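Engineer: Once you've had a glance at the structure underneath, I'll fire off some questions.
Read the figures in this text as sums done on the coordinates, not as results from a lab. Note that the structure is a prediction, hence the values are computed from the model and not measured. FYI the Cβ positions are ideal-geometry reconstructions off the backbone, even for glycines, and counts take in every protein chain you see.
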Amino acid sequence: MRRWTTLAVAASVSMLATSAFAADVPPKEVAFGDDGVTASLTGTPGDPKHGAEVFKSRKLGNCLACHANEEMSGELFHGTVGPALDGVADRYDEGYLRAIVVNAKAIFTEETVMPGFYSLDLGADVAEEFQGKTILSAQDVEDVVAYLETLKE
Amino acid sequence: MKSMMMKSGLLAAAAVLALTAGVSADPVDEQLVIDGQEMITRAKAPEGHPFDEVLSGWLYREAETRKLEEDSFDNPGMLSVEEGEEIWNTVEGTAGKSCASCHDDAADTMAGIAANYPKWDPDAKRPINIELQINKCREENMGAEPYAFDKSGQKELTAYIKHQSLGDPVSVDLSQGEMQQWWERGKDVYYTRTGQLNLSCASCHEQNNGNYIRADHLSQGQVNGFPTYRLKTGLTSLHNRFRGCVRDTRAEIPKAFSDDLMALETYVTWRGTGLSVETPSVRQ
């Protein structure tokens, strides 16, 4: 009896994990259209609070390394490599914002220095621990896009 | 009332402008003088260079950091140079010799030498830098073990030798041996995007010098001050810096003195043609 419960629990946990994973659009299958990437990558609505974390964190998006963001003026050191993102949601629709974060090269030019955060179109000699991996998970992308959506002036 | 509001709006706008000007990202327009000797921190770029003017990293640093380099007594890197001098005079190896046994006073024999490195090494058939020349003399002339990368005083002795060229303009002779081919290869390395972040040296130091990347004011990535004293990490060798910059793109870190990094050193040194050797420079 005990055995059975453990098994059942294990089975449902692994089903959960599989279904969450299966719902993620794999990086190579993200569809870019005229309005950018309109479909969610995960089907789970983005969480702007965690998105703000992704934006700040050096280990996640580290968007602040290149972009100033008035709303985060409490954080030290905003980069100037890219444009300030104040009011960015007034400039772009959600689909475009998602497309920029997924693969900026597909939206700007091949020359852009903005990394593709959900792309496997990587540079040469990727370090072993990052091989075949995207910088952000699909849900991190949804979260940071949800956060960008809040940047209105 | 309305016009008052307009005015304060304008004032606020002016204040914002002033603030922005305060964090202005341009390199400073100042002269670096070290112990009374004028350094060349701006030079006309050599033909075929992507810039019109090459600029020393000193111009991009904060005032306090810049100041530390202006006086040998304040420059913490000078302690390492003194250690290098001791090594120069220390007997090592089976031949019972020191560097000074053959080269006497470095102030005479090494003056201006390092400003022309890397050079072509006809024996090894590849470019040689000061670190590798030290190892060559240790092995062939002293009967001593070569230094491992960054170990046993390699950085200090290199800094001592390069310091004998303080103020001399950097110039590499690409007509020697196969230097031109190594330059080409170094150029490929410079423009190759690497790592998960997919960035090349040019992404930061060519396209974005003058901009801030988080807390760092990006310079042209010049090598004329190496080994350099970094406020965070102390005396830092050039290949350590190269490795750090590549690591930050989340790429495999190339080996010090590997063909790729020797090619890169050749190419990047050329990119700073005409700048004064500043060793040991002070950087953040």
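Engineer: Please list, in order, the residues from region B:115-153 whose amide nitrogen is less than 16 Å from a point placed 7 Å along the Cα→Cβ vector of B:Thr94.
Structural biologist: So the set is B:137-146.
Engineer: While we're looking at this one, here's another question. Which of rounded, prolate or oblate describes chain A when judged by the alpha-carbon gyration tensor and an a/c cut-off of 1.5?
Structural biologist: It comes out prolate by the Cα gyration axes.
Engineer: Taking θ = phi - 60°, what integer Hz values does the Karplus form 6.51 cos²θ - 1.76 cosθ + 1.60 yield along region B:53-59, in sequence order, with x for Gly and Pro?
Structural biologist: Calculated HN-Hα couplings, in order: 9, 9, 10, 5, x, 4, 5 Hz.
Engineer: How far apart, in nm, are the 7 Å Cα→Cβ label points at B:Glu139 and A:Thr109?
Structural biologist: According to this spin-label approximation, the distance is 4.6 nm.
Engineer: Stretch B:Asp173-B:Glu62 to full length: gain in nm at 0.36 nm per residue minus the Cα-Cα span?
Structural biologist: 36.6 nm
Engineer: Under 27 Å Cα-Cα from B:Lys44, which lysines qualify once same-chain neighbours fewer than 8 residues away are excluded?
Structural biologist: In chain and number order, the partners are B:Lys67, B:Lys119, B:Lys162, B:Lys187.
Engineer: Sticking with this one: Can you tell me the FRET efficiency between A:Arg58 and A:Glu128 if r is taken as the Cβ-Cβ distance and R0 is 22 Å, rounded to the nearest 0.05?
Structural biologist: The formula returns an efficiency of 0.60 here.
Engineer: Once the Cα atoms of helix B:154-163 and of chain B are each reduced to a long axis, what angle between those two axes, in degrees from 0 to 90 to the nearest 10, is obtained?
Structural biologist: 80 degrees
Engineer: Same structure again: Taking amide hydrogens as modeled 1.01 Å from N in the peptide plane, which residues meet the under 5 Å criterion relative to A:Thr38, leaving out close sequence neighbours?
Structural biologist: The list, which skips near neighbours in sequence, is A:Gly33.
Engineer: Check B:Gly225: other-chain or 5+ apart residues with amide H under 5 Å from its amide H, H built from backbone geometry?
Structural biologist: Excluding prolines and chain starts, which carry no amide H, the hits are B:Glu278.
Engineer: Step through the residues of region B:212-219 one at a time and calculate ³J(HN,Hα) from phi using the Karplus curve (6.51 cos²θ - 1.76 cosθ + 1.60, θ = phi - 60°), rounding each to whole Hz and writing x for Gly and Pro.
Structural biologist: 9, 10, 6, 8, 9, 7, 6, 9
Engineer: Expressed as an acute angle from 0 to 90° and rounded to the nearest 10, what is the orientation of the C-alpha long axis of helix B:2-22 relative to the principal long axis of chain B?
Structural biologist: 0 degrees
Engineer: I'd like the antiparallel share, as a percent to the nearest 5, of DSSP beta bridges with both residues in chain B.
Structural biologist: 85 percent
Engineer: Now for a separate question. Cα axis of helix A:2-23 to longest principal axis of chain A: angle in degrees, 0 to 90, nearest 10?
Structural biologist: 30 degrees
Engineer: Amide H to amide H, which residues 5 or more places from B:Val282 or on other chains are under 5 Å from it, using H placed in the peptide plane?
Structural biologist: Here the answer is B:Tyr229, since their amide H atoms fall under 5 Å of that of B:Val282.
Engineer: Based on Cβ point charges of +1 for Lys and Arg and -1 for Asp and Glu, what charge dipole magnitude is obtained for region A:48-149 about its Cα centre, in debye rounded to the nearest 20?
Structural biologist: 140 debye
Engineer: Also, quick follow-up: Can you pull the one-decimal nm distance between simple spin-label points at B:Glu86 and B:Ala215, each 7 Å off the Cα toward Cβ?
Structural biologist: Those two pseudo-labels are separated by 3.1 nm.
Engineer: If contacts are Cα pairs under 8 angstrom and at least 6 residues apart, what is the relative contact order of chain B in percent?
Structural biologist: Over chain B, the number comes to 25 percent.
Engineer: Which one of B:Gly167, A:Thr109, B:Asn208 has its Cα pushed farthest toward the positive end of the charge dipole of the protein assembly as shown, where Lys and Arg give +1 and Asp and Glu give -1 at the Cβ?
Structural biologist: A:Thr109
Engineer: While we're on this one: Given a Förster distance of 22 angstrom, what is the FRET efficiency for A:Lys49 paired with A:Glu153, based on the Cβ-Cβ distance and rounded to 0.05? Write out the running numbers ahead of the final one.
Structural biologist: Numbers: r = 21 Å, r/R0 = 0.93.
Efficiency, from the Cβ-Cβ distance: 0.60.
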